[in-house]
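Everything on this sheet refers to the single structure shown next.
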Amino acid sequence: MSAQTVSTIRTTCAYCGVGCGLLITPDGRGGATVEGDPEHPANFGRTCSKGSALGETLGLGSRLLHPMLRQDDGALARVSWDSALDRVANGFRDIVERHGPNAVAFYLSGQLLTEDYYVANKLMKGFIGSANVDTNSRLCMASSVAGHRRAFGADTVPGTYSDLDEADLIVLVGSNTAWCHPVLFQRMLHNKTERGARIVVIDPRRTVTAEEADLFLPIAPGADTALFCGLLVDLIRRGAVDQNYVSEHTLGFAEAYARAHEIAPDLATTARATGLTQGSVQYFFDLFYASARVVTCYSQGVNQSAQGTDKVNAIINCHLATGRIGRPGMGPFSLTGQPNAMGGREVGGLANQLAAHMGFTPTEIDRVRRFWNAPRMAEREGHKAVAMFEAIARGEIKALWVMATNPAASLPRAGAVREALKQLDLFVVSENVLSNDTVNAGAHVLLPAAAWGEKDGTVTNSERCISRQRAFLPLPGDARPDWRIVSDVAQRLGFAEAFAYTSPADVFREHAALSAFENDGTRDFDIGALAATPDEEYDALAPVQWPLRKGDRATERRFFAEGGFFTPDRKARFIAPEPPALKEATSDAHPLRLNTGRIRDQWHTMTRSGLSPRLAAHLPEPFVEVSPGDAAAFGLSDGGFARVATAHGSCILKVMVSENQRPGSLFVPIHWSDQTASCARVGELVSAQTDPYSGQPEAKATPAAIAPVSFSLRGFAQTQAPLTLPDETWWARVTSAAGIEYRLATNRGPMLWHDFAHQSLGHDARLAERLEGQSYHAASFVEGEFNGRICLAPANAVVPALTATDAEDGTPFTIAAQALVESEPIVCACFGVGVEAVRSAVQSGAVRTIDDIGKTLQAGSNCGSCLPELKRMLIHARAQE
């Protein structure tokens, strides 16, 4: 489809696992307008701040547009597709012949489409013969997968988003839903307003989500298992167990109860184990007991743990025991982090799974082998993500192909990962950006892949809904879809017949056919009804939820209300979790706990979201959130700087002192990399301790230390092109409407910056500058047009104004004095509404309520993720009256 033939195109958002539908209208110049699709069942027209700003991220300025090979001198040189593909195929063939199939690996991404994922898994697991295929979803949702499989016999999400509309109680565990899944959070709030649903938030941090809760439980890190074991004991004591459901549809109840009683036998023990008051724990238990319809939503706070799988199963145990599963408004619900993490799980994107939700039993291996006619089928699980990169460091894996992800920034101990990558004999990266931490770790081959607006295929969201992602832009340069790149390599390896796909529809039909192959209802994932979908129907495919079996006319897509689990005996398993205990203790050297996570307006390592000026303006600098008590104890000041260190590395971050932060714990966002900040790659700090069942690393409780860092000067630089800043400079790169802005801090004096300004801004430009004491201001002009500037001054000072007398040639101009960081913070990124606009409207008396703000400024009227901040501003304004 092209912009010339279709004015508006239905596609799917590129960000979280909510899977929002979008209406895209290309402008014919490489851009597009973006709106929510009112007919898509995931969002009914709503979008979040990131989705609303997708149109600002479509430029080609940072794109990888041609195949590149690393030369002997370390430089990258453009080559033809044939040369690049031959290098990849020959390199993989040579390493497999010399060292065996387990010496090669793929590392994939929830950013891939299902068709891309399917082809990559088929090549590695069925034709190369290794299961060393894993994905960055291992860092997000692997504990949910393992918990589902242990309890249900399959990686099945039982419920649907409509359960959020019908629940009487919504329990949010380890999920800042208001920021990370804002469209779903608005559904929850609507239920609360219209039906009176209660919301409980369980999180060590008091996030903006907690501000909307009826009950907030600031649980101790790692104590979720204890809380839900205590809940199970309490439900049994009150006689709330659904005895018929338990006896007819489950096994292991007695063992799970015995372990729960061992961990949390009474209210007092549960409170001590969780760091909560007895009253708050009792209130939670009362709410759960009294609410007929309960949905428990959980996300990274549960999953990203060395005991994440046990946490998941402790939650599931409570729903199984009460029969609150699979019926309207009830069930455990995993909120997925990435747009196609679910699709990747469907096709076997994890190293411990085969395609179509099959595992590595002999029967399943044989089934997939026969369906694919695979010559060299993998027969055992491969390395999970952390173990994969440890195997690379040991020299066991010698070739790696990374697709659409940035492990040198996002994996635990990211510095060690970077060093491991340098040891590879063959290091291939399929990407749509020319530079990121992984590419710059020494990739030998770069393959230009299609970006979001050019991709064509399907994705599956958190509620098992398959949606079409449709291209609305042409492929730029030499870029190709990932499924085609992998197929081209497979053909060069001698597997042309098995990889003779001509379109994503070809791949999808095969994927659907495999889901139904020898599936008599004992496997959950079945979309056999779509296996013969013609191209035109595939192009027009409306969102559809699985299972969708051939001949199936059922409209109810929930699982397990009447049992029917995917274990051999069709019964669920209660799981007895291990007693909760964090893997690493704090110490005198590292007395705090490091908690990592996302912020509202950024995504992963910002290669896409970082291109939007609107999104950059909310929280533009990497920061560490600290409680007031810890700030005082460690000599930190709000707005100052601190070094956060663990046994694995350190970062220098702005300090944000917050009453919402748990004492003894630090919160640091994950988004900054070496491309966007001088010293803020938080993955380098995180421990590589992993869950024994899921392989998911612990990202919420690494022992850490913090200490103040002083800088004598602070400021900013604005340019049209990237700068290479002087050594020993703290910087954070921000996209602005004027180009690129760098937030700066330094202990190097103004004369160094005078020299730097002449070197970086003075070429072919007229320079104006002024030095007053320790303050320095320089600006350059090319043919009379502003080109860039550098401003530095002591903290809390104002940079000196520039006037015509400061110009080298007397060119008349004036740049007024101003605050060091001039851009106004954005509170509502959806509509670009700044803090000052809201303050002015409130102070003028034009607005008195949240509804007034929405009507007057539009702020808060779309995704709602800024509503807590707007409410705080209103409360503050009223307090000043």
Furthest towards positive pole of dipole, M656, S609, F565, structure part segment 549-707, Cβ charges: F565
Sum of -39500 (n - 2.57) over DSSP H runs of 4+, divided by residues of the chain (222 nm, nearest 500): -8500 deg cm²/dmol
Segment Q720-Y283, extension gain: residue separation times 0.36 nm, minus the distance between their alpha carbons: 151.7 nm
By average C-beta atoms within 10 angstrom, highest first, the peptides 379-392, 850-863: 379-392, 850-863
Accessible solvent surface per residue of the chain, calculated while the other protein chains remain in place, 1.4 angstrom probe, Å²: 35
Spacing of the two label points (7 Å from each Cα toward its C-beta) at T522 and A268, in nm: 5.1
³J(HN,Hα), Karplus 6.51/-1.76/1.60, whole Hz, each residue of segment 827-832, x for Gly, Pro: 9, 10, 6, 4, 10, x
Integer Hz, Karplus 6.51/-1.76/1.60 couplings in order for segment 182-187, x for Gly and Pro: x, 5, 5, 5, 5, 5
Between segment 150-205 and segment 255-307, the alpha-carbon center distance in angstrom: 17
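Indicate the gyration tensor shape class of segment 534-619 (rounded, prolate or oblate), computed on the Cα atoms with a ≥ b ≥ c the square roots of the eigenvalues: a/c under 1.5 is rounded; otherwise a/b larger than b/c is prolate and the rest oblate. Write out the running numbers ahead of the final one.
On the way: a/c = 4.09, a/b = 1.26, b/c = 3.24.
It comes out oblate by the Cα gyration axes.
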Cα Rg over Rh - segment 64-196, Kirkwood: 1.15
29 Å Cα-Cα reach of K455 towards lysines, excluding residues that sit fewer than 8 places from it in its own chain: K50, K122, K125, K384, K550
Segment 860-870 - phi-based ³J(HN,Hα) in whole Hz, Karplus 6.51/-1.76/1.60, Gly and Pro as x: x, 9, 10, 7, x, 5, 8, 4, x, 5, 4
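For segment 218-317, report the convex hull volume of the alpha-carbon atoms normalised per residue, in Å³, without decimals. Present the calculation step by step, with values, prior to reporting the outcome.
Details: hull volume 10.3 nm³, N = 100.
Each residue corresponds to 103 Å³ of Cα convex hull volume.
Would you mind classifying segment 449-577 by shape? Square roots of the alpha carbon gyration tensor eigenvalues, ordered a ≥ b ≥ c; an a/c under 1.5 is rounded, otherwise it is prolate if a/b is larger than b/c and oblate if not. Walk me through the intermediate numbers first.
On the way: a/c = 2.08, a/b = 1.81, b/c = 1.15.
Prolate shape, in that a/c is at least 1.5 and a/b is the bigger ratio.
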Accessible area of the chain belonging to carbon and sulfur atoms, whole % at 1.4 Å probe: 49
Three-way shape call for segment 121-269 based on the alpha-carbon gyration tensor, with the a/c threshold at 1.5: oblate
Amide H contacts under 5 Å for S650, placed H, 5+ residues apart: none
The chain: translational diffusion in µm²/s, Stokes-Einstein, Kirkwood Rh over Cα pairs, 20 °C, 1.002 mPa s: 76
Label-to-label distance, nm, for residues given as E396 and S844 (7 Å Cα→Cβ offset): 6.6
Distance (nanometres) between label positions extended 7 Å along Cα→Cβ at K422 and H99: 1.8
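Report the gain in length on full extension from N747 to R370: 0.36 nm times residue separation, minus Cα-Cα distance, nm rounded to one decimal. Numbers along the way, then the final one.
Working: separation 377, 0.36 × 377 = 135.72 nm, distance 6.60 nm.
Answer, rounded to one decimal: 129.1 nm.
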Under the Debye formula (equal points on every Cα, no solvent term), log10 I(q)/I(0) of segment 561-680 at q = 0.11, 0.12, 0.23 Å⁻¹: -0.53, -0.59, -1.39
Segment 369-407-segment 54-120 distance, computed between alpha-carbon centres (Å): 15
Alpha carbon centroid spacing (whole Å) that separates segment 324-345 from segment 623-676: 32
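When DSSP beta bridges are limited to those with both residues in the chain, what percentage is antiparallel, rounded to the nearest 5? Could the numbers behind the result be given before it?
Details: 76 of 121 bridges.
Antiparallel bridges: around 65 percent, rounded to the nearest 5.
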Debye intensity ratio in log₁₀ form over the Cα atoms of segment 821-860, taken at each q of 0.16, 0.19, 0.30 Å⁻¹: -0.35, -0.48, -1.03
Other-chain or far-sequence residues with amide H under 5 Å of T8's (modelled H): none
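Kindly state, to the nearest 0.05, the FRET efficiency for T193 paired with V835, given R0 = 30 Å and r defined as their beta-carbon distance. Each step should come with its number before you reach the end.
Details: r = 26 Å, r/R0 = 0.88.
Efficiency, rounded to the nearest 0.05: 0.70.
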Contour excess over end-to-end distance, with Cα ends at E497 and S712 and 0.36 nm allotted per residue: 70.8 nm
Placed amide H near R198: partners under 5 Å, 5+ positions off or other chain: L169, I170
Cross-link reach list, lysines versus K571, counting only Cα pairs under 22 Å and skipping chain neighbours closer than eight places: K311
Values of log10 I(q)/I(0), in the order q = 0.22, 0.24 Å⁻¹, for segment 31-93 under a Debye, Cα-only, solvent-free model: -0.90, -1.01
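The values are calculated or read from the model by the stated rules, or taken from the named source; none is laboratory data. Note that the structure is predicted; figures quoted are calculated from it, not measured. Positions of Cβ are backbone-derived with ideal geometry, glycine not excepted, and every protein chain shown enters the neighbour counts. The protein model used for the area step is the full one, side chains on, heavy atoms only, and it has no ligands, DNA or RNA in it. Shrake-Rupley method; radii C 1.70, N 1.55, O 1.52, S 1.80 Å.
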